[in-house]
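Below you will find the structure I want to go over with you.
Taken together, the values in this text are just the output of simple stated rules run on the coordinates, not laboratory data. Quantities reported herein were computed from a predicted structural model and do not represent experimental measurements. All Cβ positions, even for glycine, are placed from backbone atoms using ideal geometry, and neighbour counts span all protein chains on display.
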Amino acid sequence: MDENDESSRDYLDTGSGIGLDTEHLSLLGFRTILWNCVTVEPEEDEYEQEAVSALNVFNVSYVITERIGAWWSGCCFRGKRSKTVLDDVSFKFPIGELTGILGSSGSGKTSLLDVISCRTEGEVRGHVFYKKYACTKHFMKQFGSYVLQADRLLPNLTVRETLRYSAQLRLPGSATSGEIDKKVAKVINEMGLRTVADTRIGGSMKRGLSGGEKRRVTIAIQLLQEPRILLLDEPTSGLDSYTARSLVSNLADLAHQGKAVILTIHQPRFDIYKLFDNVGILSMGQVVYYGKSNEMVSYFTGIGDPCPQYANPLDYYVDEASVDRRNAESEQKTSGRVKHLISQYRESKLHKDMVGDIEESLIRYLDARTQPEFKRRKPSYIYILKCLVSRLMVNLSRERTGYLSRIFMMVAFVPFICIFLGRLKDNQQSVQDRIGLMYQGSQVPYFMGILLPVALFPPLRDLYYRECRDGLYSTGAFILAYTIHVFPFQVISSLIFSSIVYWATGMNPYLDRFGIYTAVVVIIHFCGEIVTVGIMGMFRSPHVANSISTMILACSGLFASGMLRSLGSMLDILKWISWATLQKYCSEILVVNEFHNLNFTCPNPGKINPCLFTTGDVYLDTFYPGAVDHMERNFGACVGFAVGYVVLTTLVFKLKGIPNLH
Ligand SMILES: Nc1ncnc2c1ncn2[C@@H]1O[C@H](COP(=O)(O)OP(=O)(O)OP(=O)(O)O)[C@@H](O)[C@H]1O
């Protein structure tokens, strides 16, 4: 799904609004709501001042299409089936209050947050509006924040650095360094991170923050842009009960400062329950209870299901709302009970009053509907690029293994090449040795270019997915920043590699030829990395990217280099394909660079060991005819490939879109 595809919430945002007014209440069931797009800042409007203002979710259903059977069966109708994830649910989330959404696994909690934040993958019906504003993707990007279940943070940055870089990307371009620092200090205090502000985040290999502190950092990042709506998917998962309580208490404080804070949670302790202003219990995509937390027990008691003494009400009622699927009999029994609870809630005064309230708000929303002007003054492209490059550099500089492997991994291959080939001579056998050496020169840098991103790119990609979804920067800026940050390392490692291999094996001893060899190694190394990154935009698994990229390298080495088999004797189709490979051009450059103007000795001319190649040019005329005259063309093609791969990688990431991360 395209991140910028506003039409995915088409039920909210098309048309002119002509003819829709309060008399059209009968239209409450319709799918498309319209508004006039005028430029009003939310604070400036009296509608904003009203105590009834809230985030409203009205009659929302969410249906996804899931594939069944083998992957190829998805292309015909029979291979798919629809699943109703949320079925006609309504909520009124008051501003300034903390709401907990509970339910057993698969009850639709995360899906509800997905719908509110416009991150859905299926068909959504119903209305989501905040005061008089439709909650479109644009609106949510500007005024809402969604804290996902997983913390996607760079492990080598400190808390302060993480927040500082995020602030640079999030705050208006006009924000000064002092303002950014102030903002960062504020959220550090708000989330209770003062004592760990200068501690590294840490990762699986190197310990840093605790799980609870990482959650706080993730939330703090979202607070930087002062959202009005804060959604959190299981913020307490994996935390001990004390840490979970203190986190929820923080969230309650934030809500009471005037935000609508909604979090999903599995089974909170009683002291967490007391922190919620409102509680919603979902089951099978429907609502079992939604209302004030302190009225929940009396509601259930009223419908004949009192909470046993000493039981935690949330535990008890979430259990009551769960379906036991261990066997058919218990499934039938428990699902009957849950259906009864759902229908009782739908018939309850509590639900009817809330729906009545939302309908009233909907009429007012329809009358006053408008959208705030989306005029977030983003930082300039150059500023964003500088910030991204700087963050990548700092992150890499803190990771010794990654940093050293960027410089020395290719060099580790040098001894094998030198020991295997030894020092080149100028006899007939050295023709074969030279070809072997050129082949290594065209393969090793590419292969090393594959290995590095397989290990180092995935966490950066995850961070990009989150930040790009939050609208902080474009795909192009990310790929360019990545390219800029790896390029110096590629030049350095290629230079070390070529300096040793070139002089130790005794290739053509001219500085200009050494320069050409090095330049080709840099280009090949660069292309190997960027192609792999592009494939990782297509496939989530780094191992798949590794395999595909290695296969591309092996195949193009086979039929495009001319070093394993003469190009002239190959099938025409393979010859044509070879024109579309980097290997063809860089191999020609390497071979000409080494063989042109080279003389070979011929010990017994005309007798045994017939002298096939008296000079390197004879070899070139035989196997690479015309290559000497194509040096500029071939160089141009290699540079073109490098630039083309960057563009292609950006396109792949853009077209593939951002997966629905949780
Ligand atoms: N994009 C999707 N594709 C397939 N199934 C989906 C999708 N989104 C939601 N579902 C299904 O909808 C149901 C509700 O999922 P959801 O993630 O909202 O549940 P949840 O209550 O958050 O569960 P948990 O507590 O385990 O995270 C599940 O059965 C899930 O498999």
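Given the peptides 456-464, 298-306, arrange them by the average over their residues of other C-beta atoms within 10 Å, most packed first.
Top of the packing list down: 456-464, 298-306.
Where both residues lie in segment 215-363, what percent of DSSP beta bridges are antiparallel, nearest 5?
So the antiparallel bridges amount to about 60 percent of the total.
Here's something else I'd like to know. Please state, as a whole number in µm²/s, the translational diffusion coefficient that the Stokes-Einstein equation yields for segment 381-656 at 10 °C and 1.306 mPa s, with Rh defined as the Kirkwood radius across alpha carbon pairs.
The estimated diffusion coefficient comes to 80 µm²/s.
Evaluate the charge dipole of the chain about its Cα centre and quote only its size in Debye, nearest 20, assuming +1 on the Cβ of each Lys and Arg and -1 on the Cβ of each Asp and Glu.
Result for the chain is approximately 1700 debye, rounded to the nearest 20.
For segment 270-318, just say rounded, prolate or oblate: build the C-alpha gyration tensor, square-root its eigenvalues into a ≥ b ≥ c, call rounded for a/c under 1.5, and beyond that prolate if a/b exceeds b/c, oblate if not.
rounded
Which order do the peptides 236-246, 520-530 take when ranked by the mean count of other beta-carbon atoms within 10 Å per residue, highest first?
Top to bottom by mean Cβ count within 10 Å: 520-530, 236-246.
Oh, and also: Quick one: go through segment 508-542 and flag any residue whose amide nitrogen is under 18 Å from the point 7 Å out along the Cα-to-Cβ line of LYS425.
The answer is 508.
Still on this structure, I have one more. Are there any trypsin sites (Lys or Arg not before Pro) in segment 258-357 that are in a DSSP loop and have at most 15 other Cβ atoms within 10 Å? List them by number.
Sites meeting the loop and neighbour criteria: LYS274, ARG325, ARG326.
Right, another one. What is the angle, in °, between the Cα long axis of helix 241-256 and the longest principal axis of the Cα atoms in the chain? Nearest 10 is fine, range 0 to 90.
On a 0 to 90 degree scale, this one is about 70.
P(r) of the chain in 10 Å steps, Cα pairs, percent per bin?
Result, from short to long distances: 3, 13, 20, 19, 16, 11, 8, 6, 3, 1, 0, 0 percent.
Here is a follow-up. Show the residues, 5+ positions off or on another chain, whose built amide H is closer than 5 Å to the amide H of LEU232.
VAL147, ILE262, LEU263, THR264
Would you mind checking the tilt of helix 177-190 against the longest principal axis of the Cα atoms of the chain, expressed as 0 to 90 degrees and rounded to 10?
With both axes taken from Cα atoms, the answer is about 50 degrees.
Oh, and also: Quick check: net charge around SER561, other residues with Cβ under 14 Å of its Cβ, Lys/Arg +1 and Asp/Glu -1?
+2
Find, among the trypsin sites (Lys or Arg not before Pro) in segment 123-207, those assigned to loop by DSSP (not H, G, I, E, B) with at most 10 other beta-carbon atoms within 10 angstrom.
When the trypsin sites (Lys or Arg not before Pro) of segment 123-207 are filtered for loop state and at most 10 Cβ neighbours within 10 Å, ARG207 remain.
Now for a separate question. About the Cα centre of segment 425-546, how large is the charge dipole given +1 on each Lys and Arg Cβ and -1 on each Asp and Glu Cβ? Please answer in debye to the nearest 20.
Using Cβ point charges on Lys, Arg, Asp and Glu, segment 425-546 gives about 140 debye.
Additional query: For TYR381 paired with LYS182, estimate the spin-label separation in nm (one decimal), with each label point 7 Å from Cα along the Cα-to-Cβ line.
My value for the distance between the label points is 3.2 nm.
Here is a further query. For segment 290-447, just say rounded, prolate or oblate: build the C-alpha gyration tensor, square-root its eigenvalues into a ≥ b ≥ c, call rounded for a/c under 1.5, and beyond that prolate if a/b exceeds b/c, oblate if not.
Because a/c hits 1.5 or more and a/b exceeds b/c, segment 290-447 counts as prolate.
So what is the relative contact order for segment 381-656, in percent, with contacts set as C-alpha pairs under 8 Å and at least six apart?
This gives 25 percent for segment 381-656.
Here's something else I'd like to know. About the Cα centre, and with charges only on the beta carbon of Lys, Arg (+1) and Asp, Glu (-1), how big is the dipole of segment 381-656? Nearest 20 debye, please.
Around 760 debye, computed over segment 381-656.
Now a separate question. Sort VAL355, VAL414 by Cβ crowding within 10 Å, fewest neighbours at the top.
The order, fewest Cβ neighbours first, is VAL355, VAL414.
Convert each backbone phi in segment 126-141 into a coupling constant with the Karplus relation 6.51 cos²θ - 1.76 cosθ + 1.60 (shift: θ = phi - 60°), then list the ³J(HN,Hα) values in order as whole Hz, x for Gly and Pro.
x, 9, 10, 9, 10, 6, 9, 10, 6, 7, 8, 4, 4, 4, 5, 5
Same structure, new question: Provide the per-residue ³J(HN,Hα) series for segment 404-412, in order, calculated from phi with Karplus coefficients 6.51, -1.76, 1.60 and θ = phi - 60°, each as a whole number of Hz, with x at glycine and proline positions.
Whole-Hz 3J(HN,Hα) from phi for segment 404-412: 5, 5, 4, 8, 10, 5, 5, 5, 4.
List SER166, SER578, SER145 from most exposed to least, where exposure is judged by having the fewest other Cβ atoms within 10 Å.
The order, fewest Cβ neighbours first, is SER578, SER145, SER166.
Report, for the chain, the % of DSSP beta bridges that are antiparallel, rounded to 5.
Restricted to the chain, the bridges split so that about 60 percent are antiparallel.
Helix 211-223 sits at what angle to the longest principal axis of the chain, using alpha carbons and giving 0 to 90 degrees rounded to 10?
80 degrees
From the helices alone, meaning DSSP H stretches of at least four residues, give me the mean residue ellipticity at 222 nm for the chain, per-run term -39500 (n - 2.57), in deg cm²/dmol to the nearest 500.
-16500 deg cm²/dmol
Still on this structure, I have one more. If contacts are Cα pairs under 8 angstrom and at least 6 residues apart, what is the relative contact order of the chain in percent?
15 percent
Using θ = phi - 60° and the Karplus curve 6.51 cos²θ - 1.76 cosθ + 1.60, what whole-Hz ³J(HN,Hα) does each residue of segment 630-646 get, with Gly and Pro shown as x?
Whole-Hz 3J(HN,Hα) from phi for segment 630-646: 10, 4, 5, 4, 5, 5, x, 5, 4, 5, x, 4, 4, 5, x, 5, 5.
Using the number of other C-beta atoms within 10 angstrom as an exposure proxy, rank GLU331, GLU467 with the fewest first.
Listed from fewest to most nearby Cβ atoms, that is GLU331, GLU467.
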